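One structure is given here, and the rest of the page talks about it.
No lab work stands behind these numbers, since they all come straight from the coordinates. The structure displayed is predicted, hence computed values, not measured ones. Cβ: placed from backbone, ideal geometry, glycine included. Neighbour counts: every protein chain shown.
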Amino acid sequence: MTYKSPVYAVQSIPLEKIRANAYNPNAVAPPEMKLLELSIWEDGFTMPVVCYYIADQDVYEIVDGYHRYTVMLTSERIRTREGGAL
């Protein structure tokens, strides 16, 4: 059996098909969120948002990258630049 790690299969997914998980324990203060937004604006997304696919709902639920997802939701300029996909 040939195994291919998910890291080699990064996909661009429409934002409306992605949802946050209900168990994210991390909170980030507003100044740090602004810095994250600036970093993504200047450098792009340097790390993917990790999700798993829920086939019966046709959605992707976030495993890692909730704050990057939040920036995408709240930053019109980044969402526009990225074509509404994450």
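Compute the acute angle (0 to 90°) between the alpha-carbon long axis of helix 30-43 and the principal axis of greatest extent of the alpha-carbon atoms of the chain; round to the nearest 10°.
70
Find, among the trypsin sites (Lys or Arg not before Pro) in region 1-39, those assigned to loop by DSSP (not H, G, I, E, B) with at most 11 other beta-carbon atoms within 10 angstrom. Let's see the in-between values first.
Numbers: sites: Lys4, Lys17, Arg19, Lys34; in loops: Lys4.
Listed in order of number, the matching sites are Lys4.
Just to be sure I understand: of the beta bridges DSSP finds with both ends in the chain, what percent are antiparallel, rounded to 5?
Numbers: 6 of 8 bridges.
Rounded to the nearest five, the antiparallel share is 75 percent.
For the chain, which chymotrypsin sites (Phe, Trp or Tyr not before Pro) pass both filters: DSSP loop (anything but H, G, I, E, B) and at most 13 other C-beta atoms within 10 Å? Walk me through the intermediate numbers first.
On the way: sites: Tyr3, Tyr8, Tyr23, Trp41, Phe45, Tyr52, Tyr53, Tyr60, Tyr66, Tyr69; in loops: Tyr3, Tyr23, Phe45.
Loop-located and lightly packed - Tyr3, Tyr23.
R0 = 25 Å: FRET efficiency of Ser5 with Thr46, Cβ-based, nearest 0.05? Mind dumping the intermediate values first?
Details: r = 18 Å, r/R0 = 0.74.
Efficiency, from the Cβ-Cβ distance: 0.85.
Non-local amide H neighbours of Ala85 (under 5 Å, H modeled in plane, Pro and chain starts lacking H): which ones?
Counting only residues 5 or more places away or on other chains, the set is Leu15.
To the nearest 20 Debye, how big is the dipole of the chain about its Cα centre, given +1 on the beta carbon of each Lys and Arg and -1 on that of each Asp and Glu? Numbers along the way, then the final one.
Working: 8 positive and 11 negative charges, 17 e Å.
About 80 debye.
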